[in-house]
Number of protein chains: 2
Amino acid sequence: MNKKIVIIGGGFGGLSAAKTFKNKNVDVTLVNKTNYHLFQPLLYQVATASLSPSDIASPIRSILRNQQNVKVILDEVIEINKENSYINLKSEGHISFDYLIIAVGAKHSYFGHDEWEKFAPGLKTLNDALNIRERVLSSFEKAEITEDLLEREKYLNFVIVGGGPTGVEMAGAIAEIARDTLVKDFRNIDSKNTKIQLIEGQERLLMAYDNKLSEYTRTTLEKMGVKVRAKTVVTEINENGIKIGDEFISSNNVIWAAGNKAAPVLKTLNIELDNSGRVIVDSDLSIPLYPNIFVIGDAANAKDNSGVLLPGLAPVATQAGKYVANLIIKDQNKEQRKAFKYFDKGTMATIGRAKAVVKIGGFEFTGFFAWLTWTFVHIMFLVSFRSKVIVMLQWLWLYISNQRNSRLIVKENIDIEQKTLN
Amino acid sequence: MNKKIVIIGGGFGGLSAAKTFKNKNVDVTLVNKTNYHLFQPLLYQVATASLSPSDIASPIRSILRNQQNVKVILDEVIEINKENSYINLKSEGHISFDYLIIAVGAKHSYFGHDEWEKFAPGLKTLNDALNIRERVLSSFEKAEITEDLLEREKYLNFVIVGGGPTGVEMAGAIAEIARDTLVKDFRNIDSKNTKIQLIEGQERLLMAYDNKLSEYTRTTLEKMGVKVRAKTVVTEINENGIKIGDEFISSNNVIWAAGNKAAPVLKTLNIELDNSGRVIVDSDLSIPLYPNIFVIGDAANAKDNSGVLLPGLAPVATQAGKYVANLIIKDQNKEQRKAFKYFDKGTMATIGRAKAVVKIGGFEFTGFFAWLTWTFVHIMFLVSFRSKVIVMLQWLWLYISNQRNSRLIVKENIDIEQKTLN
């Protein structure tokens, strides 16, 4: 009898595990909430209208279509029963397993202020990205129509909370939209009057990088017209804007890129979670007392040899998925388990057109060459050959023309239509 | 003082009129419900996951950005006051005009059965296309999960109502999805068991073409696995399926491509409309007694010299937009108006991969060469250079690989997330 392996999640970790089982004598079931794998590092480009959803999302069934030992189920897992080795699905019964790989990822955390979510959307899913895109584009449209100057100011004020890579990338992209892309498109507003502020609680941007890169990022953003405010704490967000310390900024466009918490289903494991809701795993990424249950990627609190927490990055999840799948295969031969080792190939973030920061091993560099490296690496890791070609072309076009081509407000339209029908 | 011209609608007619005013001494305001111009002839390709929304939709502001005499407003017109020469907007006051060009298009008509709409979505807007895409893709997912054979049958039954170009194109594309694209992707269902039926009330498909082309279309569709049923009338549509005469077909996928009615705002003109809600216009496309108000495109009931109704096609709208704009310019010199003449460059419809029908003047042809012609013409008329390149690549990819790359179920996901949040 082949061992039954269940993978929850079709992100970098889950997909990497599933692929590693290719041609092995195991029966794999991959359960995912959506029918696609999302290339999350480029999600901000969908939110800022440079790429289309289908450029960075590929149907999981297509990716795994030639792997006959993998079954894909589009469903949501609502409970994990570790004692009796099964998971419960939202719509259809349960699935039992011999091995379970939990790769459910994280969502944004509002540090106990969940009521802020509706005023300050985060950026984790394709829907988040589409919501932000529509909100940003609609704001310019509303600013164009209104004759109330205070209201116009509210629509043209953009506040991004969180100075990590996502916050930096969003701030840079919105600055480019306001100053380059839209500059000729409007008649009543001067889109150069857009105010973009990037708020960070700690003392500098991109805390995972060295001070020099943080500094470069700050000055580059400032040249692009972004006001960077470090050591600044958000105290309130509502429908009118955001409060920072005692200062209230009127804004229709508050974007949240500040915190993460692991997916809620992990609570059903009934084991110790860290402050961010992640499962504290052993050195082989299994959970205590259950050597057949693994947690990988953003859902795991895993440490390297020196006790440093592994970062929530795609390469960590990908390597962990491959490691766990190989470990399960070796388990059949009763081999001793070796601890997971993350091989750090480097990290990078883009700030804007021809501007990025890269850190590879001891090397750090910035500017045009860093941006080329970023571009090359991201295209290389896109799942399908087709996406690679399309994204390359979209970027080439963006670089030459400064035009963003996915500037569609689709949901607004739903509202209008529904109102008309009612 | 420049004349104030208001254009309602950014489709083929409205946009063509706006562009014709380039460098003329007039002030143009274009009001549109969405922020994009939609290339409607390819909408079925979004519904069937071959193209992304942004491939066939371009921001109207971008298209007109270099035309300083055009102002674009994203809003909905709720009333046209012909006596006092102004229009009322849904959100912000009213706009007065010297000349008005009404190019509001049509939506689908359920022949008095508006309650059918929610079970049998039509295909007019980007949202319609996304809804149909999600419904079709979700049906395969649900058929994969369920163990109830009757339910599975319901999910794999596709019924398209209406044998015009849209119906034929949808039926052909769904047949290709079921038999080629998805064939390896599922484990529990054999997607070859998909049943696709195309229902037409009149005696043959594509009534606008000659009998020979209709016959070719029918046999081609039948070879692709589509059951074509002419002279068949729909008597009922509900959540379980569709009733044809006395026969009930259980189906989760009924798609409506049968009838059109012009946009409801035309009623506020308080003049004679035809059975499909279109305005009956004079030979110069103006409305009776108001030589400064024009109706063009799908919203107009316009006849050629021999009294034949002009069809609801993109070229008719485009030529009419240009004609009316030029007529308004000439009006300033008190020139005599000449009647509108439609120059028929031909019509075409695609059935599937390398299969299409084309009618140009006296010529009619079918098959691979017709399909190449269709492909070439459609790429040529896409608004932007970028769309041309991207769409060409997407089609090349589809042709080589049979893979459809926009197979994303995004809205399903919204539901799941919203439920989780609530």
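Which whole number gives the average, over all residues in A:48-60, of C-beta atoms from other chains lying within 10 Å of the residue C-beta? Provide the component values of the computation, followed by the final result.
On the way: counts 0, 2, 0, 2, 9, 6, 13, 5, 0, 5, 4, 12, 2.
Mean number of neighbouring Cβ atoms from other chains: 5.
Since only B:Thr235, B:Ala129, B:Gln197 are under comparison, the one whose Cα sits farthest along the positive direction of the charge dipole of chain B, derived from C-beta charges on Lys, Arg, Asp and Glu, is B:Ala129. Sequence-distant contacts, meaning Cα pairs under 8 Å at least 6 residues apart, place the relative contact order of region B:27-159 at 23 percent.
The angle between the Cα long axis of helix A:126-145 and the main principal axis of chain A comes to about 10°, on a 0 to 90 degree scale.
For region A:102-210, chymotrypsin sites (Phe, Trp or Tyr not before Pro) are listed when DSSP marks them as loop and at most 13 other Cβ atoms sit within 10 Å of their Cβ; the list is A:Phe111. Let me know the shape class of region B:307-419, please: from the alpha-carbon gyration tensor, a ≥ b ≥ c as square roots of the eigenvalues, rounded when a/c is under 1.5, otherwise prolate if a/b is greater than b/c, or oblate. The shape class here is oblate. The angle between the Cα long axis of helix A:385-401 and the longest principal axis of the Cα atoms of chain A comes to about 20 degrees, rounded to the nearest 10.
Counting only Cα atoms, region A:99-221 measures 59, 36, 25 Å along its principal axes, largest extent leading.
Calculate the dipole size of chain A relative to its Cα centre from +1 charges on Lys and Arg beta carbons and -1 charges on Asp and Glu beta carbons; express the result in debye to the nearest 20. Write out the running numbers ahead of the final one.
Working: 52 positive and 46 negative charges, 301 e Å.
Dipole about the Cα centre, nearest 20: 1440 debye.
A Cβ-based charge dipole, computed about the Cα centre of region A:247-387 with Lys and Arg at +1 and Asp and Glu at -1, lands at about 400 debye.
Sorted from closest to farthest, the other copies place their A:Lys118 label points 2.3 nm away, with each point set 7 Å from Cα along Cα→Cβ. Oblate is the label for region A:3-138, because the ratio a/c of its alpha-carbon gyration tensor axes (a ≥ b ≥ c) is 1.5 or higher and a/b is not greater than b/c. Over chain A, DSSP H runs of length four or greater, each weighted -39,500 (n - 2.57), average out per residue to a 222 nm ellipticity of -9500 deg cm²/dmol. Axis of helix A:211-223 versus longest Cα principal axis of chain A: the two differ by about 40°, to the nearest ten degrees.
Give the calculated FRET efficiency between B:Arg179 and B:Asp114 to the nearest 0.05, with a Förster radius of 30 Å applied to their Cβ-Cβ distance. Taking R0 as 30 Å, the efficiency between B:Arg179 and B:Asp114 is 0.30. Rounded to the nearest whole angstrom, the semi-axes of the ellipsoid equivalent to region A:210-254, taken from the Cα gyration tensor as √(5λ), stand at 25, 13, 7, largest first.
State whether the protein assembly as shown is rounded, prolate or oblate according to the following rule on the C-alpha gyration tensor (a ≥ b ≥ c being the square roots of its eigenvalues): a/c under 1.5 gives rounded; otherwise a/b larger than b/c gives prolate, and the remaining case gives oblate.
Working: a/c = 2.15, a/b = 1.34, b/c = 1.60.
Cα axes put the protein assembly as shown in the oblate bin.
With its label point defined 7 Å out from Cα along the Cα-to-Cβ axis, A:Met392 lies at 1.7 nm from the matching points of the other copies, in increasing order. Counting Cβ atoms of other protein chains within 10 Å of each residue's Cβ and taking the mean over peptide B:79-89 gives 0.
The aspartates and glutamates whose alpha-carbon is closer than 18 Å to the alpha-carbon of B:Lys142, local same-chain residues fewer than 8 away aside, are A:Asp75, A:Glu76, A:Glu92, B:Glu134, B:Glu151, B:Glu153, B:Asp185, B:Asp190, B:Glu239, B:Glu412, B:Asp415.
When only the Cβ of Lys, Arg, Asp and Glu is charged (+1, +1, -1, -1), the dipole of the protein assembly as shown relative to its Cα centre reaches about 2460 debye. Residue of chain B with the smallest Cβ distance to the axis mapping B onto A, distance rounded to whole Å: B:Ser52, 2.
Over chain A, calculate the relative contact order: mean separation of alpha carbon pairs under 8 Å at least 6 apart, over the residue count, as a percent.
Details: 823 pairs, mean separation 81.9, N = 422.
Relative contact order, chain A: 19 percent.
For the residue pairs A:Lys19/A:Lys118; A:Lys71/B:Lys388; B:Lys90/B:Lys118, the C-alpha atoms sit more than 29 angstrom apart in A:Lys19/A:Lys118; A:Lys71/B:Lys388. When the inverse distances between all different Cα atoms of region A:255-349 are averaged and flipped, the Kirkwood radius reads 14.2 angstrom. Would you list which aspartates and glutamates come within 13 Å of A:Lys212, measuring only between C-alpha atoms, while excluding same-chain residues fewer than 8 positions from it? Here the aspartates and glutamates satisfying the reach criterion relative to A:Lys212 are A:Glu364.
Sorting the segments A:277-290, B:325-338 by their mean number of nearby beta carbons within 10 angstrom, highest to lowest, gives A:277-290, B:325-338. Across the identical copies, the 7 Å label point of A:Gln336, projected outward along Cα→Cβ, sits 10.4 nm from its counterparts, in ascending order.
Bear in mind these aren't lab numbers, they're just calculated from the coordinates by the rules spelled out. Note that the structure is predicted; figures quoted are calculated from it, not measured. Here the Cβ is made from the backbone with ideal geometry for all residues, glycine too, and neighbour counts use every protein chain on show.
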